[in-house]
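J.: Sending over a structure as structure tokens; questions will come in a sec.
The values are calculated or read from the model by the stated rules, or taken from the named source; none is laboratory data. On a predicted model such as this, the values are computed, not experimentally measured, just so you know. Please note: Cβ atoms are built from the backbone with ideal geometry, for glycine as well, and neighbour counts cover all protein chains shown.
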Amino acid sequence: MAKRVLLAVNSRARRGREARDRAAAAIRARGHEVVEIAKEMPPGELSAAIRAHRGDVEAVVVGGGDGTLLSAIDGLVETKLPLVILPLGTFNELARTLGVPADPAAVAALIDVGVPVQLDVGRVNGVRYLNEASLGLSTRVTRLQTGEVKRRLGMLAIPVTTLRALRWARPMHLEIESDDGSTRTVRALQLTVANSYRFGGVVDNPEASLEDGLLWLYSIDVRAWWHTLGILLAVAVRRFPHAPDTTAVRGRRFVVRSVHGRRHHVYADGESVARLPAEFTIENRAITVLVPPGAAGNIR
């Protein structure tokens, strides 16, 4: 059955223009009509464009990295239109988690054969995100991962920029309020509030889920460089929540404040979105994504 499909591709992403043309051709070859958003639309206007096509299309194909998905998420949640991801970024965290292929023709096929899965969406100070929000070491790493660095190093940008950031890392003293009313004070080099069970390119928490309406908060305090070996080992054997120097808590809501009143930057899916104090909440099964039939059974 022919459908009207909204196609939005970040032309500034790697292979953006070529992938946009190939995806449009593949969608049309399957008998569907392509409604293409302006090629150079600023990312901040993507959700508004999706809202404008509410009732006019039956699926949305978004091409880009995790940052592009972040700019589309409000429109997708509010319209309830199913999302098809065309991975074009360097890391493509969510696409890799969901087993979405990079080939535009295979992505176009998901419009017809994709299995709909409903995923949770996190929020930090009202800003929605899909993978994780964080502050501390990772924010410096993100700033070091410029477009040029990612183009030159690809996935190696993660370890290279992390080692550079460690030279300047300083602990944060934070107060964490959980949804049960309890509070704790932590000393942390890194704090992450994850919606997904996979993030950071390497972390996979088998106890977490994208569908259970819960967030996981991880506070990491590495007091000596050799302590990182224990964390790396825990990541390797998929026991990150139980890693040394790591506090892991799950819940539906967290409020994080700086004990000393510092307004640390908070990044969500690689984009700067807020400052402390920050409230983290969850929207259960708020967005629908079409995934390959073979991958649907592996998503948790």
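J.: Of all residues being in a strand (DSSP E or B) and of a type in the set (D, E, K, R) in the range 235-274, which is modelled with the lowest pLDDT? Just the residue, please. Talk me through it step by step, then tell me what you get.
T.: Taking the range 235-274 first, the residues in a strand (DSSP E or B) are 246-251, 253-258, 265-268, 271-274.
Of the ones still in play, those that are also of a type in the set (D, E, K, R) are 250, 253, 257, 271.
Numbers: 250: 95, 253: 98, 257: 98, 271: 89.
That would be 271.
J.: Would you confirm whether any residue within the range 83-104 is surrounded by fewer than 20 Cβ atoms within 10 Å (Cβ to Cβ), out of contact with any Cys (no Cβ under 9 Å at 6 or more places or on another chain) and free of Cβ contacts under 8 Å to residues at least 12 places away in the same chain?
T.: Yes.
J.: State yes or no: is residue 281 in a strand (DSSP E or B), of a type in the set (S, T, N, Q) and touching a helix residue (DSSP H, G or I) at 6+ places or on another chain (Cβ under 9 Å)?
T.: Values: in a strand (DSSP E or B): yes; of a type in the set (S, T, N, Q): yes; touching a helix residue (DSSP H, G or I) at 6+ places or on another chain (Cβ under 9 Å): no.
No: the conditions fail for residue 281.
J.: If you check residue 295 against the conditions, is it in contact (Cβ under 8 Å) with a residue 12 or more places away in the chain, under 22 Å from residue 76 (Cβ atoms) and either touching a strand residue (DSSP E or B) at 6+ places or on another chain (Cβ under 6 Å) or not aliphatic (A, V, I, L, M) (or both)?
T.: On the way: in contact (Cβ under 8 Å) with a residue 12 or more places away in the chain: yes; under 22 Å from residue 76 (Cβ atoms): yes; either touching a strand residue (DSSP E or B) at 6+ places or on another chain (Cβ under 6 Å) or not aliphatic (A, V, I, L, M) (or both): no.
Taking the combined requirement at face value, the residue does not satisfy it.
J.: Residue check: is residue 121 farther than 26 Å from residue 32 by Cβ, hydrophobic (A, V, I, L, M, F, W, C) and outside the structural domain of residue 218 (by TED's automatic domain parsing)? Before you say what the answer is, go through the steps one by one.
T.: Working: farther than 26 Å from residue 32 by Cβ: yes; hydrophobic (A, V, I, L, M, F, W, C): yes; outside the structural domain of residue 218 (by TED's automatic domain parsing): yes.
In short, yes.
J.: Output the strands (runs of 3 or more DSSP E) that fall wholly within the range 70-146 and possess 3 or more residues being within 22 Å of residue 28 (Cα to Cα) and modelled with pLDDT of 95 or more, or say none.
T.: 83-87
J.: State the number of residues belonging to the range 46-65 that are assigned to a helix (DSSP H, G or I), of a type in the set (A, V, I, L, M, F, W, C) and surrounded by fewer than 22 Cβ atoms within 10 Å (Cβ to Cβ).
T.: Looking only at the range 46-65, we keep the residues that are assigned to a helix (DSSP H, G or I), and these are 46-52.
Within this subset, residues satisfying the condition of being of a type in the set (A, V, I, L, M, F, W, C) are 46, 48-50, 52.
Still in the running and surrounded by fewer than 22 Cβ atoms within 10 Å (Cβ to Cβ): 48-49, 52.
Qualifying residue count for the region: 3.
J.: Among the listed residues 177, 211, which satisfies the condition of being at pLDDT 95 or above and in a strand (DSSP E or B)? So that I can check it myself, show each step before the final result.
T.: Details: 211 fails: in a strand (DSSP E or B).
Among 177, 211, only 177 is at pLDDT 95 or above and in a strand (DSSP E or B).
J.: Any chance the range 276-289 includes a residue that's more than 18 Å from the chain's Cα centre (by Cα) and modelled with pLDDT under 95?
T.: Scanning the range 276-289 turns up no residue that is more than 18 Å from the chain's Cα centre (by Cα) and modelled with pLDDT under 95.
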